[in-house]
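Read-outs throughout are calculated quantities, based only on the coordinates presented, and are distinct from any laboratory measurement. Predicted model only: the values in this text are computed from it and were never measured. We place every Cβ from the backbone using ideal geometry, glycine too, and count neighbours over all the protein chains shown.
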Amino acid sequence: MFDGHCDIFTDVTIKRLQGETQVLQKHHLERLKKGGFTGGCFVFWIDPPYTENPPARLEQLLQCASDELAECKGAVLVRNLKEIEAAKTADKFYILAGMEGLSGLGSNVEQLYQLHDFGIREVMLTWNEQNAFATGAKGDKTRGLTDLGKEAISIIQEKKMILDVSHLNEKSFWDVIKVAQTPILASHSNAKALANVARNLTDDQLFAIRDTKGLIGLNSFVEFLHDDPKEQTLDQFAKHAAYIAEKIGVEHLGFGFDFCEFLSNDSLSSFVSADNPYIIGLEDCSKTPVFLEKLKEVGFSDAEILQIAEKNWLHLIERVIG
């Protein structure tokens, strides 16, 4: 399986700054493999309270990830499909690096070239905030993509990086759709028809992503499943999968679980409203096989589950990155 959205680099940074080494090996790889994962998109996210100085935090994140990957024998940074296949042959966990928002760039759009050189291959313009490039889900509803954001998209497409719209507000989303020329990714979002929250996607947004030949990654955070805590279940999660597949086709569906069980409750409470952000039975990535069984129960075939679990992601990577 491939997890299209993961914040493990945040944990790597926290632990390395406290003096630990081999964080992936000690804390993450065994759990990922137990869950059936062979790879994932690990993002660089400016976590609260470091949102007060995003460029400084981005520098820390990149340095800690670079140091970690240099010493980790069980995982490797990949930049294209060929490197993914090589990693799988070598039985190494493969990491596609992404940016969960560009606040760390300030207004320096040219830094995207440096991030590409580092190995970044997936980019969101914002997290929940509004910044120099666009407006996130918690920003001004009337503000959308900026001229600098359009320039950023031009560079993202020029360098063959995947453009991700998961955290954009609706105005920014539609502004992006107007100018994007490559398949669009929503790496960790669900269906707004089943859970009416800002981070989920309307049917029209689902159709728009489909029409770009893009992909939607299913998000396991409970607040994106249902507004009633009693309905924030594995069954409800599977309903989101079935709903999206019925609307736009199983070929446009993947996983973007957004597991964060390794973050402290204090960290989570700064941006998660639910008392318990985890689905009972799917508290971390090691429990993922139980969700695959739920997908069978709602009608997905074994072949379709393989598509969702990895093949659709690899097809997107091949088409956009190469």
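In terms of packing, defined here as the mean over residues of other Cβ atoms within 10 angstrom, the peptides 231-238, 291-298 line up highest first as 231-238, 291-298.
For the pair Lys160 and Gln63, a Förster radius of 25 Å applied to the C-beta separation gives a FRET efficiency near 0.50, rounded to the nearest 0.05.
Here the relative contact order of segment 2-320, from alpha carbon pairs under 8 Å that lie six or more residues apart, stands at 17 percent. Around the amide H of Ile162, modelled in the peptide plane, lie the amide H atoms of Glu122, Val123, all under 5 Å away and 5 or more residues distant in sequence or on another chain.
Residues whose amide H lies under 5 Å from that of Gly4, counting only those 5 or more places away or on a different chain, are Cys41, Phe255, Gly256, Phe257; hydrogens are built 1.01 Å from N in the peptide plane. Could you tell me whether the chain comes out rounded, prolate or oblate from its Cα gyration tensor? Rule is a ≥ b ≥ c as square roots of the eigenvalues, rounded for a/c under 1.5, then prolate if a/b exceeds b/c, otherwise oblate. Since a/c stays below 1.5, the shape of the chain is classed as rounded.
Between Asp203 and Asn80, the modelled label-to-label distance comes to 4.1 nm, taking each label 7 Å out from Cα in the direction of the beta carbon.
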